[in-house]
1. Given the residues 191, 241, 167, which is the only one that is in a loop (DSSP other than H, G, I, E, B) and either within 30 Å of residue 62 (Cα to Cα) or modelled with pLDDT of 95 or more (or both)?
2. What number goes with the only condition from (1) modelled with pLDDT under 70; (2) assigned to a loop (DSSP other than H, G, I, E, B); (3) closer than 28 Å to residue 154 by Cα that residue 349 does not pass?
3. Please work out which one of (1) modelled with pLDDT of 95 or more; (2) touching a helix residue (DSSP H, G or I) at 6+ places or on another chain (Cβ under 8 Å); (3) assigned to a loop (DSSP other than H, G, I, E, B) is the condition residue 270 fails and give its number.
4. Which is under 17 Å from the mean Cα position of the chain (by Cα) and modelled with pLDDT of 65 or more, of 149, 85?
5. Could you list all residues from the stretch 316-333 that are surrounded by 21 or more Cβ atoms within 10 Å (Cβ to Cβ) and outside any loop (DSSP other than H, G, I, E, B)?
6. So residue 64 ticks every box in (1) at pLDDT 90 or above; (2) part of a loop (DSSP other than H, G, I, E, B); (3) crowded, with 20+ Cβ neighbours inside 10 Å but one. Which box is left unticked?
7. Confirm whether residue 143 is crowded, with 17+ Cβ neighbours inside 10 Å and at pLDDT 70 or above.
8. Based on what the data block shows, is residue 336 in a strand (DSSP E or B), in contact with a strand residue (DSSP E or B) (Cβ under 8 Å, 6 or more places away or on another chain), assigned by TED's automatic domain parsing to the domain that holds residue 242 and at pLDDT below 95?
C-alpha cells in the first residue's frame, strides 16, 4: 500500500494528465497540427515544417484529425515506399509532381475518412488545393505498431502514430494541446532569433564588391523555414554584384529570384503562374489509369472537373529554365530570372530534372547593377511573402 500511495503521489506531482485504462477503451479523436502560425506575429514569413505533436499514441478504433496549417501533406507511403516528388514517366525535360500525394481520394472535404489498416496501403491528405478543404480525417483500424508519415512537400517533416494496446493509458487532450502550444512557441522563438542574426556581408572578387544574400533559410533543426531574402544591404554602389543562394542546411523549400522587368503593352514579361505561383494545375493525360505515358498534360484553363482523368501539378517553363540578362546586368526594365533555386543539400529527386536529362537546378544566381535606382524582385514560388529590393546609389 505504501508503494501504491507513493506511486500515486509521484504521478500527481508530475503534472502530466493521463486517461485511465478504463476510459481509454472508448474511441477518442486526437488532433495533430501540420504546420503552424506564429503565435504573436501571424504575418511572419515563416513556414512551420513540423507536426505538432510529431509522435502520438493511439488505440485501435480511435480517429485522428490532422489540421493542415500551411502547404503540407500527411502521407503514409505503404509498401512502395516514399512517393517521388516528380513523376519518372513524364516527357523529357518536364517537371510534374506525382499526383498520388498531391490529390486525396478520402479524408478531406465531404469524402469519407481514410482508414489506416496497416503498413500496406498508400494514404495521403493531398495538398491544400482548390478541390479539397478542411482537415484530414483518419480512422485507426491497424494492429499495434508504429506507422510513419511525412509531408511530401517538405522532406524533413516527419511524424509517427503508435497504435498501442487498449490497456495502455494515453495522454489527455489537454496535455497534448499544452505540448503543442509550447513547441510552437519554442519554434517561433528560434525562428525570430535566426532572423535577428542575419546581417549584410560582402566579399571582394576580382576587384568587384559582391554581396552575399541568403535566399530563404531555416532554423538549425529545420522546424521553421524562413520565406525571406536575408542579409540584404540597405544600399549598394553602382557595379556592385549580389550573389543569391540558399544557405547550407536548407532542405525544405525552393525559391526563385525574379526581377520582373517592365510591362510592355499591358503584358508583364514575367509569368507568375496560377494564383501567383510558378505551379500550374493541369490535366493529367499520362496517368497510370489512362494507359498513356510521356505525354505532358496541357496547362488547362477550365475547371478541374473537366479533366478527363485526373489533375496534377506542374511547373511553368520559366520555373525550369533561367532567363539571365546579358552579363547578369540588371538595368531599369530588365527581366532577370533565376528559375527555381534548389538548395545544394536537397536530394537528387528534387535537384535533377526527370528522365535522366542530366540537367540540375542551379543553387545560386548573380546580379550586377551598373545604374543607380531601385530594383525589386520576388520569389515566384512564394510571391506573397518573399519580396525584396536592391537600392543602388
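1. The match here is 167.
2. Unmet for residue 349, out of (1) modelled with pLDDT under 70; (2) assigned to a loop (DSSP other than H, G, I, E, B); (3) closer than 28 Å to residue 154 by Cα: (2).
3. That leaves (1) as the condition not met.
4. Details: 85 fails: modelled with pLDDT of 65 or more.
Checking each option against the conditions leaves just 149.
5. Residues of the stretch 316-333 that are surrounded by 21 or more Cβ atoms within 10 Å (Cβ to Cβ), as a first pass: 318-319, 330.
Within the stretch 316-333, 318, 319 qualify.
6. Of everything listed in (1) at pLDDT 90 or above; (2) part of a loop (DSSP other than H, G, I, E, B); (3) crowded, with 20+ Cβ neighbours inside 10 Å, residue 64 misses just condition (2).
7. Considered against the rule, which asks whether it is crowded, with 17+ Cβ neighbours inside 10 Å and at pLDDT 70 or above, residue 143 comes out as no.
8. yes
The values are calculated or read from the model by the stated rules, or taken from the named source; none is laboratory data. Note that the coordinates shown come from a computational prediction; the quantities given were computed from them, not determined experimentally. Heads up, the Cβs are rebuilt from the backbone with ideal geometry, glycines too, and the neighbour counts pull from every protein chain shown.
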